[in-house]
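Comments concern the structure below.
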Amino acid sequence: MKNHDEILKGIKGQCDGLLKHSAQAIYVYLDESHKICNKKFATMLGYASPDAWTKQRGSFIQLYVDGKSQSTLVGAYQTAVNKLAGSALKVTWKTKVGKKVNTTVILVPMIHEGHAYALHFIEKI
């Protein structure tokens, strides 16, 4: 099985056009060190660029997701990667400076070279 660096590189290549041109904020999370997003998602959370967001270290859930939304998002992600089932849910995010952003998130399960992951599409409400 490929390591997460190789998997993320492949996902970036596969999703490049989507990340660049989607009208929605998008991110992909594999683990705390292996995640990507588009400019719209980075900006929504107060980061200057997708790279600035990607370089943040620490717990994804603790850094970016408001307390009340944490278990909901984790459960939906686990369902997406373990059962390959998509979902739509409300998630409140935390920006870089702690401001809350209410959104609807659509999780779409995907598989890249045998590795399940989820595309997350985000819309502010």
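The values are calculated or read from the model by the stated rules, or taken from the named source; none is laboratory data. The shown structure was predicted, so the numbers you read here are calculated from the model rather than taken from an experiment. Glycine also receives a Cβ, built like all others from the backbone with ideal geometry; neighbour counts cover every protein chain displayed. Areas reflect the complete protein model, heavy atoms only, side chains present, ligands, DNA and RNA absent. Shrake-Rupley method; radii C 1.70, N 1.55, O 1.52, S 1.80 Å.
Based on the alpha-carbon gyration tensor of the range 1-105 and its eigenvalue square roots a ≥ b ≥ c, which shape applies: rounded if a/c is under 1.5, prolate if not and a/b is larger than b/c, or oblate? Because its axes are fairly even, with a/c under 1.5, the range 1-105 counts as rounded. Annotation: for a label point projected 7 angstrom from Cα along Cα→Cβ of ARG57, residues of the range 28-45 with backbone N closer than 15 Å are 32-35. Rolling a 1.4 Å probe across the protein heavy atoms gives the range 33-117 an accessible surface of 51 Å² per residue. The aspartates and glutamates whose alpha-carbon is closer than 19 Å to the alpha-carbon of LYS68, local same-chain residues fewer than 8 away aside, are GLU123. Taking the range 20-42 and a reference point 7 angstrom along Cα→Cβ of LEU89, the backbone N atoms nearer than 15 Å belong to 29. Here r is the Cβ-Cβ distance between ALA116 and LEU18 and R0 is 25 Å; the resulting FRET efficiency, rounded to 0.05, is 0.90.
A cut-off of 5 Å between modelled amide H atoms, ignoring neighbours fewer than 5 places along the same chain, links LEU119 with VAL108, MET110. In this calculation the C-beta distance from GLN78 to GLU123 is compared with R0 = 22 Å, giving a FRET efficiency of 0.50. On a C-alpha basis, how far is the centre of the range 12-49 from the centre of the range 97-116 in Å? Whole number, if you could? After rounding, the separation between the Cα centres reads 9 Å. In order along the range 71-77, the Karplus-derived 3J(HN,Hα) couplings, from 6.51 cos²θ - 1.76 cosθ + 1.60 at θ = phi - 60°, round to 5, 4, 5, 4, x, 5, 5 Hz, and Gly and Pro are given as x.
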